[in-house]
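Down below is the structure, laid out as structure tokens.
Every number in this text was worked out from the coordinates using simple rules, so none of it is lab data. Every value quoted in this text rests on a predicted model; they were computed, and no experiment measured them. As a convention, Cβ positions derive from the backbone with ideal geometry for all residues, glycine included, and neighbour counts pool all protein chains shown.
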Amino acid sequence: MQQVVAGDVAWVLVSTILVLLMTVPGLALFYAGMVRKKNVLAIMMQSFSLCAAMTIVWMVVGYSIAFTNGTGDTAAWFGDLSRVLLNGIADDWDKAFTLGAGSANPVPTTIPESVFIMFQMAFAIITPAVVTGSCADRMKFSAMLVFFTLWSVLVYAPLAHWVWSPTGWLAVMGVADFAGGTVVEINCGVTGLVCALMLGRRIGYGSENLAPWNLSYAVIGASLLWVGWMGFNSGGAMGANGRAGMAVLVTQIAAAGATLAWSFAEWISRGKPSVLGAISGAVAGLVAITPAAGFVLPGPALIIGVTAGFVCFWASTSLKVALRYDDSLDAFGVHGVGGIIGTLATGWFAYGKLTATAEAPDGVTIGGAALFTTQVIAVAATIAYVGCASWILLTLTRRLVGLRVSGDDEREGLDIALHGEQVF
């Protein structure tokens, strides 16, 4: 009989705390260090307020849409509303939870549902917070709250259902996405790109010095992200087990490989390896290994990390400059591109019993053309849905409250203009 295992509960709770740490204070500090001084408090406020707002959205309706089974022909696309306001959580609150109970492919766990809800909530919090890096320095605070509330319900939650609910159409197809290459990384990267394009470039982009205010903040934030990512990428094992251990190992290896790859690419092309480049490379590696973390061995993890370091460097520098879009803090260049790399690489490198196919014998690599094709479909579907839905929701938000602050407010800085405070 399925039982709660104390060690598994403890590990998933620790992982949850680590993921939450990634947003506040990790991402808040990371982004604060990379904007100009006049916008430091505004970007930190965005991470902090989204932590609160997305918690309520997830409790009210997000979890229900993402992780209930759904009904009829729509079950493949989104869940039902049976768990609105976490209805029913009092039933069996201290018993082991089965994801997709009553469906054709239930996933039993050894943790209570409350722990699962909170772990997934932490993902629903950090994903929109990452997007704010693309629209830094110019988006209205009201627009940010309206857009991400709608986006969490209509984009994030359905996509989570597709990939991680046993009744989701990509899950049924057999997609391998351990910790969010599609749901989190490609999602926030593509959303960020759409935000950057619709908001337009910052005043002075390409002609004024928009250099980071305090890279020491960014290093502290990146360090918290690196450590927190260990919970991000291993908590999906739903317990203290071998898969969680492997996920931690490959996460560290990929991050290290990407850090060095980005640094060497910058060293070769620009003459010096920068601190900003090193921390950006680390995040690129962490992003790319996210979908693969529970499915690959150390060798492929290094390949994924090094590839992400080089390609994300190119995307965040050469590609962005060539196309002249102002992705302020490179949410697309790092998270979008890195997520695509990792999701596709998982299709080739998924290994034996680390994969979702438990029947595969030890030593057999099941990555290949079939799984790679599934991964391509998942990437394409995510890009198409997220891009179109984000554009529609941004258009609606523009009509409701407007998207961008005035030119005078942007020049003065969002700290004073939006919050009446500033850093001295």
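The dipole here belongs to the chain: it is taken about the Cα centre, uses +1 on the Cβ of Lys and Arg and -1 on the Cβ of Asp and Glu, and is about 900 debye. Net charge in the neighbourhood of Leu27 (other residues with Cβ under 15 Å of its Cβ; Lys, Arg +1, Asp, Glu -1) is -2.
Of the residues Ser82, Gly339, Leu197, the one whose Cα sits farthest towards the positive end of the charge dipole of the chain is Leu197 (charges of +1 on Lys and Arg Cβ, -1 on Asp and Glu Cβ, taken about the Cα centre). All other residues whose Cβ lies under 15 angstrom from that of Ala124 are scored, Lys and Arg at +1 and Asp and Glu at -1, for a net of 0. Note on the chain: lysine pairs with Cα distance below 25 Å, sequence gap of 8 or more or different chains, count 7. Gain on full extension, evaluated as 0.36 nm per residue between Met173 and Ile416 minus their Cα-Cα distance, stands at 82.5 nm. Extension gain for Ala211 to Asp94 (0.36 nm times residue separation, less C-alpha to C-alpha distance): 37.0 nm.
In the chain, taking the dipole from charged Cβ atoms about the Cα centre, the farthest positive-side position among Met34, Ala247, Ala350 is held by Met34. The protection proxy used here, the mean number of other Cβ atoms lying within 10 Å of each residue, ranks peptides 55-62, 81-88, 276-283, 331-338 as follows, highest first: 331-338, 276-283, 55-62, 81-88. Calculated on the Cα set of the chain, radius of gyration then Dmax: 20.4, 66 Å.
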